[in-house]
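Data first, discussion second: the structure below is written as structure tokens.
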Amino acid sequence: MEKLYVIKVGGNILDDPEQLSNFLTAFASISGSKILVHGGGKIASAIGRKLGIEPVLVDGRRITDAETLELVTMVYGGLINKNLVATLQKNGCNAIGLTGPDANIIPAVKRPVQSIDYGFAGDITNPESINSDVLEVLLDAGLTPVFAPLTHDGKGTMLNTNADTIAAALATALAQKYEVELLYLFEKKGVLRDVINEDSVIPNITETKYEQLKNEGIIAAGMLPKLDNAMLALRQGVKQVHICHASAVEALAQGHKFTGTTLSL
Ligand SMILES: Nc1ncnc2c1ncn2[C@@H]1O[C@H](COP(=O)(O)OP(=O)(O)OP(=O)(O)O)[C@@H](O)[C@H]1O
């Protein structure tokens, strides 16, 4: 089976020009098939404020009203996605910037209103709905898809979808055809036992250990959806999932071992 890397890069790396440049140079030099997924919430919030759109977040999740949907479509699908693609092209990587509606790759469902109305937030209810055939065509042509965290409902409406979820869903959808390694890369060295101590990386997390770490409050905030998505991806056939610092991609591109947190069932 051919190897495929699905790599999600975190928002704090996107915000740091030096780390982002190092990351993209190394990412471009990974040989073989690869897909990049990005977020960009902080950049969207900063640009929104300049336009008079104040971000509203509940439990770290953005409420996407109609105005915010326009904002994130412009910022994620335009500004951030196209700058990443241009830099990858500069580095010799034939990247193609995409969002969920392009070639209907990622259909989603508008999140139902329960206790909170998240607005135009999209959930990927089943990874089988992902159009993996188109992705295979692109990968076979030597292209590197770069996904912004946007999906659509198939009825003409864009939806805002968590980038961690998109990475896990893409990895899962392609796991039948490729030996998929899913990497969540961010500004910390891995999942930490003490979030302010970079020397406290937890090297391995199983499902049982994950439950313990959650109950102890060691894994919290943005780490929870990341780990939930990652565990689901493993259960659905993704071969490996790692959570590491973005610089791990430099070792990976050179075929060296990298450190961080490895997940298993
Ligand atoms: N045990 C932990 N170890 C490491 N980070 C943790 C832990 N618990 C909570 N976190 C927080 O999770 C954050 C990473 O998740 P978050 O979703 O905020 O960012 P991201 O996925 O890198 O970027 P984005 O959501 O912008 O794409 C870290 O910045 C850290 O503050």
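The values are calculated or read from the model by the stated rules, or taken from the named source; none is laboratory data. Quick caveat, the model's predicted, so the values are computed rather than measured. Glycine gets a Cβ as well: all are built from the backbone with ideal geometry, and neighbour counts include every protein chain shown.
Worth a mention:
- Looking at 142, 154, just one residue is modelled with pLDDT of 95 or more, under 23 Å from residue 83 (Cα atoms) and not basic (Lys, Arg), and that residue is 142.
- Residue in segment 127-184 that is surrounded by the most Cβ atoms within 10 Å (Cβ to Cβ), counting only those that are of a type in the set (A, V, I, L, M) and touching an Asp or Glu at 6+ places or on another chain (Cβ under 8 Å): 159
- The condition (being among the hydroxyl-bearing types (Ser, Thr, Tyr), surrounded by fewer than 19 Cβ atoms within 10 Å (Cβ to Cβ) and in a strand (DSSP E or B)) is satisfied by just one residue among 262, 208: 262.
- Count of segment 204-215 residues, restricted to those that are more than 13 Å from the ligand (Cβ to nearest atom) and closer than 25 Å to residue 35 by Cα, is 1.
- In the set (1) among the acidic types (Asp, Glu); (2) touching a strand residue (DSSP E or B) at 6+ places or on another chain (Cβ under 8 Å); (3) part of a helix (DSSP H, G or I); (4) loosely packed, with under 14 Cβ neighbours inside 10 Å, residue 198 fails one condition alone, (3).
- Scanning segment 86-98 for residues that are of a type in the set (A, V, I, L, M, F, W, C) and surrounded by fewer than 17 Cβ atoms within 10 Å (Cβ to Cβ) turns up at least one hit.
- Count of segment 178-193 residues which are more than 8 Å from the ligand (Cβ to nearest atom) and β-branched (Val, Ile, Thr): 1
- Selection status of residue 243, within 12 Å of the ligand (Cβ to nearest atom) and modelled with pLDDT under 95: no
- Checked against the criterion of being within 9 Å of the ligand (Cβ to nearest atom), over 24 Å from residue 239 (Cβ atoms) and aliphatic (A, V, I, L, M), the candidates 218, 196 yield just one match: 218.
- Restricting segment 221-238 to residues that are in a loop (DSSP other than H, G, I, E, B) and near the ligand (Cβ under 10 Å from one of its atoms), the residue that is farthest from residue 174 (Cα to Cα): 221
- Conditions (1) within 24 Å of residue 55 (Cα to Cα); (2) surrounded by fewer than 16 Cβ atoms within 10 Å (Cβ to Cβ); (3) free of Cβ contacts under 8 Å to residues at least 40 places away in the same chain; (4) of a type outside the set (Ser, Thr, Tyr); number of the one not met by residue 193: (1)
- From 125, 73, 87, residue being modelled with pLDDT under 95 and away from the ligand (no atom under 16 Å from the Cβ): 125
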